[in-house]
Amino acid sequence: MKIRSINFGCPGIPERVEIELAAAILNSLKSSLCASGVEVQQLRVSLPYWNPGARKDIDLAGYLTRLNENVVSAGIGFCSLGLVRDNKSIQEILSVLPELKSLNACVDVADATGGIHYPALSAAANAIYSLSHSTDPFTNFRFGAGACLVPHSPYFPGAFHEGAKPSFSIGLENSDALIEAFSVVGRKDDLRAAATSLANVLTDPLKKIEKIASEAARGLSVEFAGIDTSIAPSLRQEESIVKAFSQLGIEFGQAGTLAVCSVITDTIKAIPVRKVGYCGLMLPIMEDHGLAEFCGTEAFDLQKLLAYSSVCGVGIDMVPVANASPDKLERIILDVASMSMRLRKPLLTRLLPVNSGGLTDFNSPFILNARAVPV
């Protein structure tokens, strides 16, 4: 188990001084965790839910360029711009996002009180389509559409801060723990035993991380928001979520898959630590070796993945789609938003449109290429 990210939530609209302070706190947190033997992969910052496009005192494109420079200079991996909804902000972000590689953005398409925001949903679909034809189509890795998202999540691009004081949260890369837990289950069809084993594998390491983070937070006078206990995969073939399912005698995508997804999510939601974010099984298709191979097979389809999202953590995430028009992209986002509203749970849509149904050819250390699926 590793820590994928420590995410520092910045109140307000930070400039260089605030970003440097965030970096100092993040590096101190990283040192405390690494000293205890916990690997930390990346440091991140996130901004509040904001509407800078409605503020006449901000040159948004200029600010974002400056923000990206400050983030890079401070040694921070990524910065989430928080949630945006107004079309002016979305368009200004789109104009610079392909060139500003450290920034992530997410459109707020639904919330529990206001319902589905159809103009924002349409803007998100058009943005995804536009980015797929930009100078860097892989920018869609850093852009999403979020429904009923909650503050302080450490996972991008849907992270945003809430409150007047700074805070930090922790996200994991822990599919190896899932494989370890399921490998010792005697009966391949005993999901109760699988749940018990997973809880046993996760509880002590997560309590250790919580203890270190809480003590460090007191010393740094910053709030510890919690750990997103989600199961998040690595790019290693031997750590694939699909391999973990196979240890229970379940071929991913076949009957029984949803049941295992549900058991995993129920188990990690019950781990007795301070929790934040999605807290569910994550299935980012292009970030897991087995899921990338599953994509494009006869067993894969988007509606099946959406069904798994009802008991998982994220939604339709990191799926390459072939020849998708803005209208089709909008329908996918609408399906995810509708499920999110019905279940009152945070879900994200992150799609990577390409021009054909073959294997994608993105060159990135963050993903595996997969066969694009028609929509």
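Just a yes or no: is a residue in the range 96-112 within 21 Å of G163 (Cα to Cα) and either free of Cβ contacts under 8 Å to residues at least 12 places away in the same chain or in a loop (DSSP other than H, G, I, E, B) (or both)?
yes
If I76 satisfies all but one of (1) closer than 23 Å to R44 by Cα; (2) touching a Lys or Arg at 6+ places or on another chain (Cβ under 7 Å); (3) not in a loop (DSSP other than H, G, I, E, B), what's the number of the condition it fails?
(3)
Can you spot a residue in the range 289-303 that is of a type in the set (D, E), at pLDDT 95 or above and crowded, with 24+ Cβ neighbours inside 10 Å? Step through it out loud before you land on a result.
Start the filter on the range 289-303 by keeping residues that are of a type in the set (D, E), which leaves 293, 298, 301.
Of the ones still in play, those that are also at pLDDT 95 or above are 293.
Next, from what is left, pick out any that are crowded, with 24+ Cβ neighbours inside 10 Å: none.
No: zero hits.
List pairs: first in the range 139-165 and buried (at least 24 other Cβ atoms within 10 Å of the Cβ), second assigned to a loop (DSSP other than H, G, I, E, B) and of a type in the set (S, T, Y), Cβ under 8 Å, 6+ apart or cross-chain?
Cβ pairs passing all conditions: S153/Y278; Y155/S230; Y155/Y278; A159/S153; F160/Y49; F160/S153.
Please give the number of the condition V319 fails out of (1) at pLDDT 95 or above; (2) assigned to a helix (DSSP H, G or I); (3) not small (G, A, S).
Failing condition for V319: (2).
Yes or no: the range 271-283 includes at least one residue that is in a helix (DSSP H, G or I), in contact with a Ser or Thr (Cβ under 7 Å, 6 or more places away or on another chain) and surrounded by 22 or more Cβ atoms within 10 Å (Cβ to Cβ).
Taking every residue of the range 271-283 in turn, none turns out to be in a helix (DSSP H, G or I), in contact with a Ser or Thr (Cβ under 7 Å, 6 or more places away or on another chain) and surrounded by 22 or more Cβ atoms within 10 Å (Cβ to Cβ).
Could you identify the single residue in D335, D301, D317 that is over 20 Å from the mean Cα position of the chain (by Cα) and of a type outside the set (A, V, I, L, M)? Don't jump to the end; show me each part of the working.
On the way: D335 fails: over 20 Å from the mean Cα position of the chain (by Cα); D317 fails: over 20 Å from the mean Cα position of the chain (by Cα).
Just one listed residue meets the conditions, D301.
Is it true that S183 is exposed (fewer than 14 other Cβ atoms within 10 Å of the Cβ), of a type in the set (S, T, N, Q), over 20 Å from K2 (Cβ atoms) and over 22 Å from the mean Cα position of the chain (by Cα)?
Working: exposed (fewer than 14 other Cβ atoms within 10 Å of the Cβ): yes; of a type in the set (S, T, N, Q): yes; over 20 Å from K2 (Cβ atoms): no; over 22 Å from the mean Cα position of the chain (by Cα): yes.
Judged against the criteria, S183 is not a match.
Could you check how many residues of the range 217-243 are surrounded by fewer than 20 Cβ atoms within 10 Å (Cβ to Cβ) and among the aliphatic types (A, V, I, L, M)?
Final tally of qualifying residues: 3.
Just to be sure before I move on: is R344 basic (K, R), touching a Cys at 6+ places or on another chain (Cβ under 7 Å), farther than 12 Å from F138 by Cα and surrounded by fewer than 17 Cβ atoms within 10 Å (Cβ to Cβ) in the structure I sent? Please lay out each step first, then the result.
Values: basic (K, R): yes; touching a Cys at 6+ places or on another chain (Cβ under 7 Å): yes; farther than 12 Å from F138 by Cα: yes; surrounded by fewer than 17 Cβ atoms within 10 Å (Cβ to Cβ): yes.
Answer is yes for this residue.
Would you mind telling me which numbered condition in (1) modelled with pLDDT under 95; (2) outside any loop (DSSP other than H, G, I, E, B) D335 fails?
Every condition holds for D335 apart from (1).
The values are calculated or read from the model by the stated rules, or taken from the named source; none is laboratory data. All values derive from a computational prediction rather than experimental measurement. Backbone-built Cβ (ideal geometry, glycine too); neighbour counts: all protein chains shown.
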